[in-house]
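Asker: For reference, the structure I am asking about is given below.
The values are calculated or read from the model by the stated rules, or taken from the named source; none is laboratory data. Note that this is a predicted model, so its numbers are computed, not measured. Neighbour counts run over all protein chains shown; Cβ positions are idealised from the backbone, glycine included.
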Amino acid sequence: MVVLVMLLGAFPVVIFLSLFFEGIDRKLYARMQKRIGPPIIQPFYDFVKLLNKESIFPVTASKTIFASVPIIAAASSILAAAIPLVSLATGASVLGDLILITYLLAMSSILVMIGGSSSGNPYGAIGFSRKVVMLIGYEVPLLTSILALSLKSKFSFSYIDVVMTQVEIGTCFALASPGAAMAAIAFLLCMPAATGVVPFDIPEAKTEIIHGYLVEYSGPYLAFAKLAKDASSFALSFLAFTLFFYHPPLLEDFALMGRLISIILIFIFTFIVMFFTITIPRTIFARLKIGQAFKFYWRYPLALSILAVIFVNVGL
Amino acid sequence: MADETREVRYDYSRLIVPVGPVHPALKEPVHFKVTVRKEEVVDVSLRLGHVHRGIEALAETRNLVQAMYLIERICGICSHSHTTCFVGALEEIANAQPSERALYLRTLIFELERLHSHLLFLGVMAYEIGFDTLFMFTWHSRETVLDLFEEITGNRIHHSMNVIGGVRWDIDHRMEEKIASSMSKMRKAAQYIRDVFQDKTVEKRLSRIGLLDHNMARELCTVGPTARGSGLKMDIRKDDPYAAYGELKDSFSVVTRTEGDAYARTEVRIHELFETINIIDTILDRLPSGTIRPKETVLRSMSRMPQGEAVSRVEAPRGELLYFVRTDGKGGLRRLKVRTPTLANIVGLRYMLIGNEIADIPVVVASIDPCLSCANRITIIDREGGDARVVDLEALRRKRRWSF
């Protein structure tokens, strides 16, 4: 019961953090381009502004799906961030929640995509087909690298067990063994595609297909679709940090101040992960084409993650 | 009508995607009806005319000085090209020869304009392939040129530099130095841009895209960097020199590429940046002294304009720009005909687009650097019969019922 209350309590925290992180990300992105950039709280302004705007439903859309999908998508990606957050704060172990989290993240992508294609817009349809290809491209290596981790922590699919294994062995997985390090690299390589940023923002390429599946959304529904995206990029960065880089000597030595400092540190490191996997790629690359992106994902991250599973199995 | 039901049969193997008139990839309104099968483009139909302004007809109702003001506003990027071309025709009719210094200054502004136009193109190209950082960087460098314009002429875009028989503004020694130092800065920026455009992700997006082979480029009468990217060695500055280009011929070379793809067209423009900087440096070295415009007033030179006709052409940043001018001998125009480079290049787009992917549409369209408001013509489409016809001037006059 307490866990359930905390889970609900974590919702505003996740919303705040994901919007705040997007603000910092946009600021840094702008500074790297010699621009001044928006204020850090710009995403909050945008969110509130969009909530107050009018929503237009295209006549070709199937209304129920079109309207309900962004809200469910936002809820599922916020939940995907809230579960590990609460689980880490309370130490509560839930059987198989790692699988739940990854499915919630995939769910939020699939839902927004379905919403776009239900709009009846040809750009939404193209965005849908591109997103399907991208999903097949990055979900497989993403799941395989998580599988490698769970093998490493005595085949447990519980999030807190994986984190606590790092505490037990006294170092983070990325430094512990070559197998886990490969899994970490595969996971990080999948992040730009999973969050949909350049060079892998192909399903919503604005110069090609006008934001793809977002094309017909407006008002509160657009706000929720964007929130879903922000929350899922926060959730992914948080997962990437805690699963692969949770280095106990760095985080657990604050006995005096308790867990507060370590939680703040975790958020800072989460942002650093986000900076290197989302902000930097979108600054320094041009957008790839769908075929090129798919080829990339099945060539490098997939090979790496399969190798990681093999390495972990033989005990490296 | 409302209860009449129509059976709609969808052909799901082909999807017609409307690109434009409003589309984030297009800076100006043009409409492409693109038929796609999965991601492949199988057919394209093109429609212009969303921003037709009737400038040719309007110019014929005005006197020469007013027309010059109007003509500068045909294009927001190559405004000086348009007036140089127009003034070239007028000077041929009046048999007036501007002073050497005026010609050099005209050429200076012309080349600065090419610099800013090419930088604008490179930024747009980077934006189309999703490389926003490069886009921001090139446009940041472009500001340097625009600031120079503002200091020389007082305007960033519409410079109002040309008058009949000369130019309006002179530059002093301090300005020369400033241009020279800006040019060395520009050269560094251009080198950086060239290096970044050799990035792998950029090359992946641009090479072997929007192919236009040598023969097809000739057959479709493409001009400018589009033609030079397909290996046609043509440049009005060399072939038919105007302004001061006759004396500057040795200070630049014509950049050509034989690949004929979007990357070649981009590369031609990148290398032309260096050629342009060379020309500007040479102009600053050789700038002759003298007056910049005739003593008589504009109104006098306008009223002394005899009746006559002339064809003039210049190499605008996007290619050959052609004017036909017929004066009426009373300080006005009887006929003005403008053939902008985009109008020559845009017919090649269909050929370039077919066989590419949807992701390549913005890249291919941007690769000819279209300047659409220059290229608009009126087409009236009969919706019942579905046939289109272009309205000629006489019909337009009849419709308008204006007297001349």
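Asker: Scanning the stretch B:89-134 for residues that are away from chain A (no Cβ under 14 Å) and not in a helix (DSSP H, G or I), which turns out surrounded by the most Cβ atoms within 10 Å (Cβ to Cβ)?
Answerer: Checked the stretch B:89-134; the qualifying residue surrounded by the most Cβ atoms within 10 Å (Cβ to Cβ) is B:P98.
Asker: Let me ask another. Go through (1) under 29 Å from B:E39 (Cβ atoms); (2) free of Cβ contacts under 8 Å to residues at least 60 places away in the same chain; (3) not aromatic (F, W, Y) for A:G124 and report which single condition fails.
Answerer: Condition (2) is where A:G124 drops out.
Asker: Please find, within the stretch B:191-214, the residue that is farthest from the other protein chains (Cβ to nearest Cβ) out of those that are of a type in the set (A, V, I, L, M, F, W, C) and in a loop (DSSP other than H, G, I, E, B).
Answerer: B:L212
Asker: As an exercise: evaluate B:P225 against (1) surrounded by fewer than 20 Cβ atoms within 10 Å (Cβ to Cβ); (2) part of a helix (DSSP H, G or I) and give the number of the one condition it does not meet.
Answerer: All conditions pass for B:P225, except number (1).
Asker: Next question, about the same structure. Among the residues of the stretch B:241-268, which ones are in a helix (DSSP H, G or I), over 14 Å from B:E111 (Cα atoms) and under 20 Å from the mean Cα position of the chain (by Cα)? Write out each step before concluding.
Answerer: Initially, the stretch B:241-268 is screened for residues in a helix (DSSP H, G or I), giving B:245-251, B:262-268.
Those left that are additionally over 14 Å from B:E111 (Cα atoms): B:246-247, B:250, B:262-268.
Passing the criteria: B:A262, B:Y263, B:A264, B:R265, B:T266, B:E267, B:V268.
Asker: Which residues, counting only those in the stretch B:32-54, are modelled with pLDDT of 85 or more and away from chain A (no Cβ under 14 Å)?
Answerer: The answer is B:V42, B:D43, B:V44, B:S45.
Asker: Now a separate question. Given the options A:I210, A:I202, name the one that is within 14 Å of another protein chain (Cβ to nearest Cβ) and surrounded by fewer than 23 Cβ atoms within 10 Å (Cβ to Cβ).
Answerer: That would be A:I210, the only listed residue that is within 14 Å of another protein chain (Cβ to nearest Cβ) and surrounded by fewer than 23 Cβ atoms within 10 Å (Cβ to Cβ).
Asker: Among the listed residues B:L211, B:L146, which satisfies the condition of being at pLDDT 90 or above, of a type in the set (A, V, I, L, M) and surrounded by fewer than 21 Cβ atoms within 10 Å (Cβ to Cβ)?
Answerer: Just a single option satisfies the conditions, and that option is B:L146.
Asker: Can you report the number of residues in the stretch B:330-362 which are within 14 Å of chain A (Cβ to nearest Cβ), not in a helix (DSSP H, G or I) and not acidic (D, E)?
Answerer: 1
Asker: Just the residues that are farther than 24 Å from B:E100 by Cβ and small (G, A, S), please, taken from the stretch B:165-205.
Answerer: As a first pass, look at the stretch B:165-205 and keep what is farther than 24 Å from B:E100 by Cβ: B:181, B:184-205.
Once the filter is applied, which keeps residues that are farther than 24 Å from B:E100 by Cβ and small (G, A, S), the stretch B:165-205 yields B:S181, B:S184, B:A189, B:A190.
Asker: If I filter the stretch A:166-189 for residues that are surrounded by fewer than 24 Cβ atoms within 10 Å (Cβ to Cβ), within 14 Å of chain B (Cβ to nearest Cβ) and more than 17 Å from A:L239 (Cβ to Cβ), do I get at least one hit?
Answerer: No, the conditions are met nowhere in the stretch A:166-189.
Asker: Shifting gears a bit: Go through (1) in contact (Cβ under 8 Å) with a residue 60 or more places away in the chain; (2) within 14 Å of another protein chain (Cβ to nearest Cβ) for B:F137 and report which single condition fails.
Answerer: Exception for B:F137: condition (1).
Asker: Still on this model: So how many residues does the stretch B:286-327 have that are charged (D, E, K, R), without any contact (Cβ under 8 Å) to a residue 40 or more places away in the chain and outside any loop (DSSP other than H, G, I, E, B)?
Answerer: Of the residues in that region, 2 qualify.
Asker: How many of the residues in the stretch A:285-305 are within 10 Å of chain B (Cβ to nearest Cβ), in contact (Cβ under 8 Å) with a residue 40 or more places away in the chain and surrounded by fewer than 21 Cβ atoms within 10 Å (Cβ to Cβ)? Don't jump to the end; show me each part of the working.
Answerer: Step one: list which residues in the stretch A:285-305 are within 10 Å of chain B (Cβ to nearest Cβ), which gives A:285-292.
Okay, now just the ones that are also in contact (Cβ under 8 Å) with a residue 40 or more places away in the chain, so A:285-290.
Filter once more, keeping what is surrounded by fewer than 21 Cβ atoms within 10 Å (Cβ to Cβ): none.
Selection size over the stretch A:285-305: 0.
Asker: Scan the stretch B:82-92 and tell me whether some residue there is over 14 Å from B:Y323 (Cα atoms), over 16 Å from the mean Cα position of the chain (by Cα) and β-branched (V, I, T).
Answerer: no
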